[in-house]
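Chemist: Can you read through this structure? Questions will come right after.
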Amino acid sequence: MNVGDLCSRKVISVSASAPLSVAARLMCEQRVGAVIVTAAPADRAVAVGIVTDRDIVCAQLDRSADLSQLRTADIMTGDPLVLNENAPVEEAIDRLHERHVRRAPVISSGGELIGVISFDDLLAHVAGNLRALAQLADARMHPRRHGSRAGHDAKPGMAG
């Protein structure tokens, strides 16, 4: 399973020069906890930062400024972790952990911003795998409960 299979393809982004109030309004309207901050070179938008709901609250408290007085670039976390859609899930987990972040923009192999992967996306995937593994273990330990005796009727030395 790759990052591109799990990420949200709904990218909510805002320009680095946009007032912070625009980012906050987008997050509220779209019901997301973060927006990707982009710069727009000639051919496509590039992720240059990320702003979370926590960043906004802390900025407002620290600076006692109206959100419309601050630019998104003033509080964004720059140089965001960016993951390729073809990266394996395990790599995404490792890299998020290394950077101590919960979200990362996802790019295509051509460098196009195509999605966002979150801790919650990865947790749901890992939890699903653990559930399937637990069901497999339970079926092997309690075959009659699952209508099968596979693995229990095999003779020693034979695969079950």
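The values are calculated or read from the model by the stated rules, or taken from the named source; none is laboratory data. Computed from a predicted structure; not experimentally measured. No Cβ is skipped: glycine too gets one built from the backbone with ideal geometry, and neighbour counts run over all protein chains shown.
Chemist: Hand me the list of helices (runs of 4 or more DSSP H) wholly inside the stretch 1-101 holding 1 or more residues that are under 16 Å from residue 121 (Cβ atoms) and touching a helix residue (DSSP H, G or I) at 6+ places or on another chain (Cβ under 7 Å).
Modeler: Per the criteria, 3-6, 89-99.
Chemist: Let me ask something else about it. I need every pair where a residue in the stretch 91-112 that is more than 12 Å from residue 3 (Cβ to Cβ) and free of Cβ contacts under 8 Å to residues at least 40 places away in the same chain has its Cβ under 6 Å from the Cβ of a residue that is surrounded by 12 or more Cβ atoms within 10 Å (Cβ to Cβ) and acidic (Asp, Glu), sequence separation at least 6 or different chains.
Modeler: Pairs that qualify, where the first residue is more than 12 Å from residue 3 (Cβ to Cβ) and free of Cβ contacts under 8 Å to residues at least 40 places away in the same chain and the partner is surrounded by 12 or more Cβ atoms within 10 Å (Cβ to Cβ) and acidic (Asp, Glu): there are none.
Chemist: Regarding residue 126, is this residue in a helix (DSSP H, G or I) and at pLDDT 80 or above?
Modeler: yes
Chemist: Are any residues in the stretch 103-116 part of a loop (DSSP other than H, G, I, E, B) and either of a type in the set (Asp, Glu) or surrounded by 18 or more Cβ atoms within 10 Å (Cβ to Cβ) (or both), and if so, which ones?
Modeler: 112
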